[in-house]
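See below for the structure under consideration.
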Amino acid sequence: MRRPIMAGNWKMYKTPVETRAFFDKFKPLVSSSKHCDIVICPPYVDLQSASDSCRGTAIEIGGQNMSWAKEGAYTGETSAEMLKSVGCRWVIVAHSERRQFFGETNETASKKLVAALEAGLTPIYCIGERIEERESGQTHAVLEMQCNGGTAPLTPEQFTKIVVAYEPCWAIGTGKVATPEIAADAHRYIREQIRKRFGADAASACRILYGGSVKPENIRGLMAQPEIDGALVGGASIDPSAFASIVNF
Ligand code: PGA
């Protein structure tokens with residue numbers, strides 16, 4: 001059995017004060033939720049406030065991105081150790097918005113995965129096709145390339161420590177959730193790529209999250225698919241009661 005993960009990606013929303021207000025409401029709503037890992041990934045400036053708010057709870061904190069470098073002259077970047085120093089245990093790598101707007105590639109993603117693992121962070125590695133790729137029948141080819149490209153330098157042992165998130169770009173922030181069947185089909189395909197590269201045990205142990213317009217209304221249908229091991233939630237994670245309903249599906 002794979003333990004579910006419900007992860008919230010706040011993107012560029014909330015200040016430290018708003019972060020505290022979120023957790024004041026959110027914590028009591030999930031205090032007895034033991035069936036899944038709960039992760040919140042706020043903007044960098046909110047990480048300290050988020051970790052302070054969650055101390056002593058089961059809620060874990062993650063970054064939304066990180067540098068592949070340990071330190072150095074990299075203006076605007078944040079290292080894995082820096083994330084850890086403010087209480088992060090997780091980090092999102094290669095979110096499609098980073099791929100689309102900030103030049104993230106499978107190659108930079110692979111360097112970040114290695115750096116995160118070396119620092120002891122759990123990376124959530126994001127992959128997913130664009131609408132034109134789906135419509136032209138390239139979904140599987142894209143998933144294969146992103147899956148294998150990003151994880152290329154990892155050993156099977158390292159691979160067991162990462163989480164994969166399947167997020168079709170056409171479903172992110174659009175309100176157009178993938179049907180549970182479309183998502184499950186992609187997850188099966190991704191798991192097959194993992195099996196070919198890292199073996200059957202790694203494939204069956206790997207937690208694959210779905211992301212893209214997950215809401216309290218559609219989480220149950222998605223989680224009814226045995227292939228779907230949790231969700232990476234954007235918009236609906238900003239609201240404490242909506243995200244708590246997703247956690248408590
Ligand atoms: P969304 O975002 O839930 O707002 O569609 C998901 C994500 O980008 O991780």
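Nothing in this text is a laboratory measurement; each read-out follows from the coordinates by a stated rule. As the structure is a prediction and not an experimental result, all values here were calculated from the model. Using ideal geometry, Cβ is built from the backbone for each residue, glycine included, and neighbour counts are taken over all protein chains shown.
Our compactness index for segment 1-95, the C-alpha radius of gyration over the empirical 2.2 N^0.38 Å, is 1.10. Estimated from helical segments only, the mean residue ellipticity of the chain at 222 nm is -12500 deg cm²/dmol, where each DSSP H run of four or more residues counts as -39500 (n - 2.57). Per-peptide packing, taken as the mean over residues of other Cβ atoms within 10 Å, places 11-18, 49-56 in the sequence 49-56, 11-18 from highest down.
For LYS111, a cut-off of 28 angstrom between C-alpha atoms picks up these lysines, skipping any fewer than 8 places away in its own chain: LYS11, LYS70, LYS84, LYS161, LYS196.
Reducing segment 211-236 and segment 12-89 to their Cα centroids gives an inter-centroid distance of 21 Å. Once the convex hull of all Cα atoms in the chain is built, its volume per residue stands at 115 Å³. Taking 0.890 mPa s as the viscosity and 25 °C as the temperature, the Stokes-Einstein diffusion coefficient of segment 137-176 based on its alpha-carbon Kirkwood radius rounds to 206 µm²/s. With the simple spin-label model, which puts each label point 7 Å out from Cα in the Cβ direction, the ALA21 to ARG220 separation comes to 3.1 nm.
Backbone amide hydrogens, once placed in the peptide plane, bring ALA165 within less than 5 Å of TYR125, CYS126, ILE127, LEU209, excluding anything fewer than 5 places away on its chain. For GLU132 and SER241, the FRET efficiency from 1/(1 + (r/R0)^6), where r spans their Cβ atoms and R0 equals 25 Å, is about 0.10.
Restricting the chymotrypsin sites (Phe, Trp or Tyr not before Pro) of segment 130-190 to loop positions (DSSP other than H, G, I, E, B) with no more than 13 neighbouring Cβ atoms within 10 Å leaves nothing. Model label sites at THR57 and MET145, defined 7 Å from Cα along the beta-carbon direction, differ in position by 4.1 nm. Largest first and in whole Å, the equivalent-ellipsoid semi-axes of segment 113-249 read 24, 18, 14, each the square root of five times a Cα gyration tensor eigenvalue.
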